[in-house]
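In what follows, a single structure is set out as structure tokens and then discussed.
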Amino acid sequence: DPHLHEWHEKAARELGDEEMEQRARWRRAECLRTGDDPFDAICHYQKLLASEFDVVRVSLRLAELLLQQSKVMEAKEVLAPLSSGKWRNDFWNDEELQRILEACAEFEGVPVSVLDLLHQLALECGNTKASKKHLLRLMSHSESEAEISLAEYRTRVWLGDHPGDFEVLEQLLTLLSSRATDYRASAFIDSVIDGMKLSAEDRSRLLDRKSTRLN
């Protein structure tokens, strides 16, 4: 019952116990998030962020609700530290943070940094199926030059470990040819084709894409 936690929050405030007050506010926000009006929790997560309470966890919960409302730019702003490389170490041994990250990834407009981190976490755990899923989504969401370069790098690493994965290769080539340049995609083919375990048909398809300038 969020009202119970609201009472605890007020009692802690009157006692001057700031930590207890924040913990009660967190429990209140979590109750609201799972209730009939989940977006009522947003203002409470924002207050928790302002007080710097459990910043990573609160930021993820807030971003999750913002993405659910299709407020993509606001969610990206909340997750900006993740995009700049911060917070990443917080996730490796925290299953709850990983679950919240997975929840964020279910929504359209999720930042590429979320998909990239999920890809890396799945690789670390040896979950090949999940890591590939997140890599494919990372490519499908990449738009800026920095995002495309990240997708290209992650794909090179992936193909080094999975040299027969033509699906991943093709998706990257589609991204490079549609968002970057034909020359860049052609150069990528040259750099990876000899190291891949491709069927004669797949190799022929790659060379054909190169010869037709990937149109």
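Here are the numbers:
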| read-out | value |
| --- | --- |
| Calculated FRET value between V157 and D37, using beta carbons and R₀ = 45 Å, to 0.05 | 0.55 |
| Spin-label pair E143/E95, simplified geometry with 7 Å Cα→Cβ offset, distance in nm | 3.6 nm |
| Fluctuation leader among D36, D90, D165 - the chain, Gaussian network, Cα springs under 10 angstrom | D36 |
| Cα long-axis angle, helix 55-68 against the chain (0 to 90 degrees, to the nearest 10) | 70 degrees |
| Region 54-132, relative contact order in percent, only Cα pairs under 8 angstrom and at least six apart counted | 29 percent |
| Carbon and sulfur %, accessible surface of region 52-116 computed with the full protein complex present, 1.4 Å | 43 percent |
| Size of the chain as Cα extents on the principal axes (Å, biggest first) | 74, 30, 28 |
| Residue among A105, A146, A41 with the largest mean-square fluctuation in a Gaussian network model of the chain, springs linking Cα atoms under 10 Å | A146 |
| Computed E for S84/E30 - FRET, C-beta separation, R0 41 angstrom, nearest 0.05 | 0.95 |
| Per-residue HN-Hα couplings for region 183-190 [Karplus 6.51, -1.76, 1.60; θ = phi - 60°; Hz; x = Gly/Pro] | 4, 5, 5, 4, 5, 5, 4, 4 |
| Accessible surface, the chain, averaged per residue in Å² (probe 1.4 Å) | 54 Å² |
| Relative contact order [Cα under 8 Å, 6+ residues apart], the chain, whole percent | 10 percent |
| Gain upon complete extension [A200, E18; 0.36 nm per residue less C-alpha separation] | 58.8 nm |
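The values are calculated or read from the model by the stated rules, or taken from the named source; none is laboratory data. It should be emphasised that the depicted structure is a prediction, and the values quoted were computed from it without experimental measurement. Every residue, glycine among them, receives a Cβ derived from its backbone with ideal geometry; neighbour counts consider all protein chains shown. Just so you know, the surface numbers come from the protein's heavy atoms only, side chains and all, with ligands and any DNA or RNA stripped out. Shrake-Rupley method; radii C 1.70, N 1.55, O 1.52, S 1.80 Å.
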